[in-house]
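Have a look at the structure below, then the notes.
What follows is calculated from the coordinates using simple rules that are stated; it is not laboratory data. Note that the coordinates shown come from a computational prediction; the quantities given were computed from them, not determined experimentally. In this analysis, Cβ positions are derived from the backbone assuming ideal geometry, glycine residues included, and neighbour counts consider all displayed protein chains.
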Amino acid sequence: MPPTLGLRRALQSRGRGLGFGQRTVPSSVCLFCSFATRPSTFPTSSPLNKLRATRAKPQEAPAVRPRYQSTGATPLRPFISTPSDAADAAPAEPEPIDPRKDLESALRDLQTLAPNHVNLPRLQLALRNLSQDPGHESIRVAFLGLTTGDKPQHTARELLRLALADPLKSAQNWEAQLKAHDPSKPLIVHIGPPEEQATPLSLAASEHVIPEITVPSHIYNDANLEMIVMEADQATVAQAGEQPHTFDEAILVPAVDTAATTAGHSAPIVTPVHMAVLVADGVLSAASILSLPISPESQDTITAVANFKRISAEDKAACPSLVITSVEAGAQGLDLFRESASNAMKYEALWTEAGVGHINKWLRSNVLSQAEQEGATKAPVRKLIESILHNAGAALQAAEYRDMKVSVEGGPSPHTIARLNQALADWAKDAHEELQQQLEIAFVGEAWRQMNWWKLFWRVDDVGMLSSEMIAQRFLPEAEKRLIFLAGRLQEAGITTAGGEKPVTYSGPAVPPSFPEGESSVATTAATTESETKGNWPAHIPFTRNYLLAETVPALQALAQKLVLQSSTLAGATTALGGMSWLSGFGIYECGAVAALGIVLSLRGLQKRWERARDFWEGEVREEGRKAIRATEASIAEVLDSVSPEVPEDVAVEIEELKEAKSVLKRAEEALARLK
């Protein structure tokens, strides 16, 4: 047995007695992980190990866990002092914004910023509805009887009585009071159960307020419904119909005259409503309703009723947009059914002929919805807010247009100036792109390759023709056409000179005047320069093109001829020198070397100078094109800046207020779209 193996076994046998056993290979850990507490490899039963464990206990508690561990280790938190609740707690979600509160805030801001562009009574009604619980908003309905002259109209009052009457009960006290009320005076009708009536049914006796009564109805008791019955002058309604954009507001905000003083003076009070029923009595009144701008979209808000004593099928077919009723037939059928239930068939026939069921259906479809159960806003309230925002937006747009028109004072509008500025920016962008693309095509094309340095010996006379053709075909041809079109758009927009008599002219490139020999008049310099540099459109592009053709192309042609001549002269001189050296007795190799050196030097000089000249000319063409585009853009911008309207300070302040009001209006529309 080798001695090393015996020694190893002896150490292993001793290690078993001490508890070592086989040595454990430590895993590879980083520097931070090495400070972590490792399990002891000594048996705990040993007194020495117990002492070590006792001494180590106070140090194990505050031990800091490593921030990094080797691959395969159990992931640990960075610090033991970090509380688990803070580490595991999710970030708090922001509370959702209530669209109802947001809409109410936006309407209040709109009331503050644009009080002259919004119907304040309707806005107050909308704010009152938004302050109520969703689905429990109070709804106001107006029954407006159209009158001509001083003759009172009883049809609207009777139609309301038939719509609210219960045929299964005898005549109620409120029906007698409604019949006894003067139809020329307005009356407010509250719909509610009898237990909510704090006092017996009676009309208000004060002259300074509108009379009110409370009517119980098993259909509308829980609808929070209010009605107003009043007369409306037929001529006033017809006059409101001449302005379709304000017709809804004129009908839905009726004015009521009430006594303001004891001397008998009256003051109008506006009573905004959600819905209105226009009641016409007779053929002439019905004809006036047919001329009103009641659109099919607004029939849920405003409906028209025509009352006739006798109704035929031809009458209903002739007036499809009207609800044809007969209150006399309805009252007769109601009285017959209340007298005896045996008159049910007659009641059914008369009630159908009366057409009151259409009014009840119209009320129930708009007032009695499932909004209360679903917690959603009632449809009349939503339509009221939509109408307010739509009319406010139209009023703000009209006010902004009026202010812009005042600020322009006969010149082009700011909108037109903005469109022309955008067109100028688009032209400049397209012109730069065209310059880059067309010159790239030109300087890699066949014509440019035909002017390489080693082709100059047989194409030196074609340099001028080839370069002129490149400039004529590739130097901003389309940009010049679009520039003329843009100048035409400026003239079409009405942009003229300061006096307004002649079309505007554009400043061109500054060209020094030329005088005949012997003349140097300084007095005519300005006039001559101005006459040469003004035009109906900027002339920078054709001027730059002509400059390149007239100045740079001949210079390039002359340089090519000069370089070819110099190269040929140097090559010929060195060749002649080599020939003379050979005749003088020098060897053929020495003489050939002299000639070859001269030819190489001449060709090398030709290549270097010609390539340098070509690069310079290419860069000059590109730079002159960029200068022409910038100068053209500056010339048109100068004209647009000179005709830009100067808005007065007060008008500018009002325009800023209108913009702020429009932003608030947009916020209200977004909140209404999110409203349930």
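Using the Cβ-Cβ distance between Asp650 and Lys179 with R0 = 60 Å, the FRET efficiency computed as 1/(1 + (r/R0)^6) comes to roughly 0.55.
Place the peptides 387-397, 598-608 in order of packing, highest mean first, counting for every residue the other Cβ atoms within 10 Å and averaging per peptide.
Working: 387-397: 18.6, 598-608: 15.9.
Averaged packing, sorted descending, gives the order 387-397, 598-608.
In whole percents, the pair-distance distribution calculated for the range 572-676 from its alpha-carbon pairs, binned every 10 Å from zero, is 12, 14, 11, 11, 11, 9, 8, 7, 7, 7, 3, 0. Centroid-to-centroid, using Cα positions, the range 97-168 and the range 623-638 are 62 Å apart. Going through the cross-link list Lys151/Lys361; Lys185/Lys346; Lys309/Lys361; Lys151/Lys185, which pairs have a Cα-Cα distance over 24 Å in this structure? Pairs exceeding 24 Å: Lys151/Lys361; Lys185/Lys346.
All other residues whose Cβ lies under 12 angstrom from that of Asp615 are scored, Lys and Arg at +1 and Asp and Glu at -1, for a net of +2.
If you count, for each residue, the other Cβ atoms within 10 Å and average over each peptide, how do 209-221, 577-589 line up from highest to lowest? Could the numbers behind the result be given before it?
On the way: 209-221: 17.1, 577-589: 12.4.
For the peptides 209-221, 577-589, the packing ranking is 209-221, 577-589.
Ordered by packing density, taken as the mean number of other Cβ atoms within 10 Å over each peptide's residues, highest first, how do 141-147, 619-625 rank? Let's see the in-between values first.
Working: 141-147: 25.1, 619-625: 16.6.
Ranking, from highest mean packing down: 141-147, 619-625.
Charge tally for Ala668 (other residues, Cβ to Cβ under 9 Å; Lys, Arg +1; Asp, Glu -1): -2.
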